[in-house]
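Scroll down for the structure; my scribbles are underneath it.
The values are calculated or read from the model by the stated rules, or taken from the named source; none is laboratory data. Remember, it's a predicted structure, so these values are computed and weren't measured experimentally. Here the Cβ positions follow ideal geometry from the backbone for every residue, glycine too, while neighbour counts run over all protein chains shown. Just the protein is used for accessible areas: all its heavy atoms, side chains included, with ligands, DNA and RNA removed. Shrake-Rupley method; radii C 1.70, N 1.55, O 1.52, S 1.80 Å.
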Amino acid sequence: GTIHLVPDGPHMHPKVLGGGLPAMYAGDLTIRGGRVVDLTNLSGTFEFDDEAGLLEVAKELRTQGLIVETGAVRFFPPDGSRPIVLA
C-alpha cells in the first residue's frame, strides 16, 4: 500500500528504501497534468517480470486517487521483445 515516488536519477532506490530494503515492485512512471501517462516495469536495477505486480501498482495508484490513463500501463518482457499494453 505504500508507493514511493522520486525524481528520475541513477540509483535512487537505496535512498528511498533506506539501505536497500527489499521492494515488492519497482519501475518507472510519468505524471503529466496530474495523470499517470506512463507506468512500466523498467527500473534499471530491479528486473521485475511479473505483469500482475505492475497491474497491482496501477490499482494502488488509482486507489490513492490518481488517474491512470488508458494505455499507460506497459509491461516490458525480460526477453527484450516489444512492450505489452496491460491497461
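Overview of results
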| item | result |
| --- | --- |
| Of all residues making up segment 40-71, the number that are under 18 Å from T2 (Cα atoms) and either open to solvent by 30 Å² or more (accessible area, probe 1.4 Å) or over 12 Å from the mean Cα position of the chain (by Cα) (or both) | 15 |
| A87 vs. criteria at pLDDT below 90, open to solvent by less than 50 Å² (accessible area, probe 1.4 Å), part of a loop (DSSP other than H, G, I, E, B) and out of contact with any Leu (no Cβ under 6 Å at 6 or more places or on another chain) | no |
